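Reviewing the structure listed below.
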Amino acid sequence: MIELLFRNRNVFWLFFLGLYSCTKEITFDLPEEPSRLVLNANAIDGELLTAYVSYSLPNYLSDSVIPGFAPTVLLENKGKPLETMQPIVTSTGTFYRSTSRLGKGAYTISVTAPGFKSVMATTTVPGRSVLEPFNPDPETYTTVMSGPDTSVLRVPLRIGVKNLPETDSLFALRVEYITVFPSGEEKQIRANFIAEGDVFVNLHESLNGVFVVNKKMWENNPERSFTIDVLMPYSAAETKDMYIALEWRTVSPEFYKYHISLSRQNSTLVPFGIPHVIYNNVTNGYGNFSGFYQEFVPEIKVY
């Protein structure tokens, strides 16, 4: 047994050294990408539109700044010009804002700037999707001690959609919890949650604690619902009340594709796997212009 193991190790090292001796250093000379405009904006029902415009530069100029960069940002609604968005200058930079609040429908942003190709992106603000009423059952809550003075409250939360569209059903959510202290002070914190495997694999974490719901969630799902267990750490001696706060979004295809691609790129990479490409819907440039309808569910008291 020992002799066989020793021989196998020798074979392995000979094989490894053979591979190493066959390696050859290769230099790739890739062409530089030209500078392009970069646009990022979210069209949200009932809100003013805020757009961020910047530019990309070749690697050898990556630390440079283009003087006098002053793009013109035009907003269209349903194919008709709506307005020229106004620049807002702050201590951290410049962004562009509309004077009109957005509603349901299609919007297009066009950006021009000297020295760059003009760019354009289109998205839609979808309509509202009605959620089923939330009725958490206190009998299903569990509490686990996580330290001498702290515990974790675990609350199952069933999320169901009443008017699930027959076409693609595209949604996202963010869960937070609010702790109220005896002094009356409140603190709102992003909540972690856990879920069963088939639910967990269809929730894709993206930016700012937003989870995109994969449209596969609704396949073979006659109840049109799923359950997550919200986790809320607290100290019994210092906590008066606790609430769950849920933001539910009905999102455009552009939002869905962009944030799904971000989630996949940020996930653990498989060795030798193919990297995920970030979705881009800005013609002649880079970035994302997408829309969504957001609903803030009334806070649910759980403690």
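Any read-out appearing in this document is the output of simple, stated calculations on the displayed coordinates, not a laboratory observation. Worth saying up front: this structure is predicted, and the values here are computed from it rather than measured. So basically every Cβ, Gly included, is an ideal-geometry build from the backbone, and we count neighbours across all protein chains shown.
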Full extension between GLU196 and GLU139 adds, at 0.36 nm per residue less the Cα distance, a length in nm of 18.6 nm
Say each of ILE189 and SER118 gets a label point 7 Å from the Cα, pointing the same way as Cα to Cβ; how far apart are those two points in nm? 5.1 nm
Quick check: pseudo-label points 7 Å beyond the Cα along Cα→Cβ at TYR52 and GLU33, how many nm apart are they? 1.7 nm
Spacing of the two label points (7 Å from each Cα toward its C-beta) at ASN220 and THR92, in nm: 4.5 nm
By average Cβ neighbour count within 10 Å, what is the ranking of 82-92, 67-77 from highest down? 67-77, 82-92
